[in-house]
Structure formats: C-alpha cells, structure tokens
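Notes to accompany the following structure.
The values are calculated or read from the model by the stated rules, or taken from the named source; none is laboratory data. These figures come from a predicted structure and were not determined experimentally. All Cβ positions, even for glycine, are placed from backbone atoms using ideal geometry, and neighbour counts span all protein chains on display.
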Amino acid sequence: MTDASGTGSATAGAPPVRVLILGAGDWAGQHAREYAAMPGARVVAAVDNRPVTLAAYLVEHGIERGFASLDEALAWGGFDAASNVTPDAVHHATTLALLDAGKHVLCEKPLAPEHALAREMAEAATAAGLVNAVNLRYRAIPAFATAQAMVAVGDIGAVRHVEAAYLQSWLMQPAWGDWRTDPTWLWRVSTAHGSTGVLGDVGIHILDLAAFVAGGDPVELSCRLKTFGKVAGDRIGEYVLDANDSAVMHLEFDNGAIGTVTATRFAAGHHNDLYVRVYGDLGGLEAGYENQAWRLRACVGEDALTATWREVPAIAVPNVWERFIGAIRGGPVVQPDFARGAALQRWLDDAVDSDRRRGTREG
C-alpha cells in the first residue's frame, strides 16, 4: 500500500531509503530535489570524478559524502538505492556494478547504447530481485496519464491513428546555456562523447509516450535521421558534431493503429514541448505539455459528430522518483522498469538501422 506520494504508507515507520546519486551534472540536481521532497528517502552521498563539480553539488544539496568513483562508494556501501545520472554510454557498466552490489537502481534513459546491453541490464535486475526503473518522467504529467487511462477503458474506441512530437530549440537559442561553449550541452551533439543524438535523448521519451497513451507497442518502424551543419567544419575543439538533430518515425502498433513520432532540436518557439494525439473510431484525445503547463482535450461521443473539443480534467499520479522509492518501501512494482527500457532501446536500434538502410540504398 502506498500513500498519495507513492512512497509507501505501509512502511511509514521505517527509516528512509538511503540514496546515492551517481553523477553530479546539471540533471542530477533534479534527482536530489525530488528525493529531498520525499519523507521516505534521503540522499546520503554522491559520486563524480570532477572534484570541483562534486564539491559544489554536495554543498548545494546538503549531501554529506562525496566519492570520486563508484568503486569507492561501493566499498563504503552505506546506501540502499542509486540514481544513475551518468552519460548514456556509462549506464550499462555502472548499473551492473550497482545491481551486483545489491542496490536498487533508477537509471536515466536510454538504458544503454544498444538493445543487447539494455537487455542484459534488465535481466540482471530481474535475477537480483531488485527494484529497477528507467526515468521516463513524462508519463507522470496528468494530461498523458489521464489520456492513457481514457484510451484503456475505450473512451475513443479502437485506436486508429497516432501523432506525437517532442519539440526543442536549444540549438537555436541560449535559454538553457550556449551549447557551443557549455560542455553540459555540447556533448549531446557528439557521438564520441556518448551522445545518441536527439533520438536517444528525447526521441525515447516521445516514442514511449506515444505507445503508452495509444495502448500499443510498435511492430513495424521506419525512420529518417538528420544531422544538420551547425558550425564550420562541424567541429568545436575535441567535439565532432555528428549526432542526429532531428528524427521522424513512421510506425504501426500491435493494436492496428499507425502513426508518426518526431523529435527535433530545431523547433523554433518551443523550448521543451511535447504532444500526443490519439484518434479512434469513437473519438479523439489531444494531450500536450507546453511551457511547463499541460492540457488535455477530448472529442468523444456525440461531440465527434460536430468536431467539438472539450477540456478534460486530469488525474495526478506519482512521478518516477516517488514510484521508485514507493516500490522499495513495499509499494506497487514500478513502471516503467528496465524491461520497458530495453524494449524501447530495441525500437531505437530499429530506427537507426532503418535510417542506415536508406543511406545504403541511396548510395
């Protein structure tokens, strides 16, 4: 049983889950803030191999212990669970080390650069009997959670068409920092520095949301990836700017629906916006998250005859951090888990293969 926060009322008297945060970069701050807001969790240590970055992170978030390596943290061992906020290419090795040490793991997406490695992580977590989750946080936005529930109970009938997009513009403006000079962003456009491009960075979010809301998984997929020239020579210092900037996928789902899923870093006017539109034989739903505000509209029943759209109130659900801690404290099994993360990686691999085959045909 869990309370409203998802942190587990059945164990309300138990000590808080001791959490290690692996990686002290920009997004690791969000992990620290989420755990700090929960009575059932306490961040006890952080790991980063950059001394200055680590020291500043510990001070900012009031964390007592810092370690220069995961090996040092594991030797200490004074934690129950970990948030893995390392770069994409590091997730596999570090997560396996944590699981081998008996630690529950919430890992950032994507789980690994390829499906075989992600599947190994999922199998290791299952074999160890440990709580595991992948941070696909947009599922907890009320508009998407409510749309998924409405589709599941048949409010729009049999799903026929899906349209979903994740729109960013940080390659065009400095709202989050200048990507040309800030390593926080620059690494994301260089495959040699661990980036899987827009496809692995945010494409995974919108692909998951499309399938989640529509109630079906992809069975056929084709994709076009595009890397645009951004600076002379497509290089800044040691960073070769070769990661994909835009992705367009065409899909068929196992419930019979077809649709498109797109992601781009060149959507002027959109800092970090998402939408999923799902249409069935009895109506449609349009769920969106724009300028950090959500919106859900429905055209169902008699309204479908007049193309009348109405705002729909949405339900609040626990976020992925709350579900992760809740599961450790005896609550429901957390979703999305590593098995879901591995399935998503298989579809991302298929997308890359599809684009590669297109290039081969053109050549």
#### Entry: Every residue from the range 212-252 that is of a type outside the set (Gly, Ala, Ser), over 30 Å from residue 155 (Cα atoms) and within 18 Å of the chain's Cα centre (by Cα)
244, 245
#### Entry: Residue within the range 76-88 that is over 15 Å from the mean Cα position of the chain (by Cα) and free of Cβ contacts under 8 Å to residues at least 40 places away in the same chain present
yes
### Message
Quick check on this structure: which one of 224, 188 is basic (Lys, Arg), in the same structural domain as residue 285 (by TED's automatic domain parsing) and assigned to a helix (DSSP H, G or I)?
### Response
188
### Task
Confirm whether residue 44 is in a strand (DSSP E or B) and either over 25 Å from residue 136 (Cβ atoms) or assigned by TED's automatic domain parsing to the domain that holds residue 187 (or both).
yes
### Query
When the range 139-185 is examined, which residues are found to be touching a Phe, Trp or Tyr at 6+ places or on another chain (Cβ under 8 Å), closer than 14 Å to residue 314 by Cα and not aliphatic (A, V, I, L, M)?
139, 142, 144, 148
### Query
Which ones in the range 227-248 are under 14 Å from residue 358 (Cβ atoms) and assigned to a strand (DSSP E or B)?
247, 248
### Query
Got at least one residue in the range 226-236 being more than 25 Å from residue 308 (Cα to Cα), without any contact (Cβ under 8 Å) to a residue 24 or more places away in the chain and in contact with a Leu (Cβ under 7 Å, 6 or more places away or on another chain)?
yes
### Query
Pick from the range 84-108 the residues that are touching a Gly at 6+ places or on another chain (Cβ under 8 Å) and not acidic (Asp, Glu): which of them is nearest to residue 192 (Cα to Cα)?
89
### Flag if residue 240 is modelled with pLDDT of 95 or more and crowded, with 16+ Cβ neighbours inside 10 Å
no
### Task
Run down 160, 180 and say which single residue is part of a loop (DSSP other than H, G, I, E, B), outside the structural domain of residue 102 (by TED's automatic domain parsing) and surrounded by 15 or more Cβ atoms within 10 Å (Cβ to Cβ).
180
### Message
Being at pLDDT 95 or above and out of contact with any Ser or Thr (no Cβ under 6 Å at 6 or more places or on another chain) is the filter here; which residues of the range 23-38 pass it?
### Response
28, 29, 30, 32, 33, 34, 35, 36, 37
### Query
residue 189 versus (1) surrounded by 21 or more Cβ atoms within 10 Å (Cβ to Cβ); (2) more than 23 Å from the chain's Cα centre (by Cα): which is the lone unmet condition?
(2)
### Query
Restricting attention to the range 308-319, does a residue exist that is among the polar types (S, T, N, Q) and closer than 29 Å to residue 109 by Cβ?
yes
### Query
Do we have residue 257 as within 30 Å of residue 172 (Cβ to Cβ), among the small types (Gly, Ala, Ser) and modelled with pLDDT of 95 or more here?
no
### Summary
In the range 313-338, anything small (Gly, Ala, Ser) and crowded, with 19+ Cβ neighbours inside 10 Å is listed as 314, 326, 327, 331
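Yes/no matrix, rows are residues, columns are (1) under 18 Å from the mean Cα position of the chain (by Cα); (2) free of Cβ contacts under 8 Å to residues at least 12 places away in the same chain:
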| residue | (1), (2) |
| --- | --- |
| 128 | no, no |
| 152 | no, no |
| 171 | no, no |
| 183 | no, yes |
| 204 | yes, no |
| 210 | yes, no |
## Note on the structure
The condition from (1) in a loop (DSSP other than H, G, I, E, B); (2) under 16 Å from the mean Cα position of the chain (by Cα) that residue 175 misses is numbered (2)
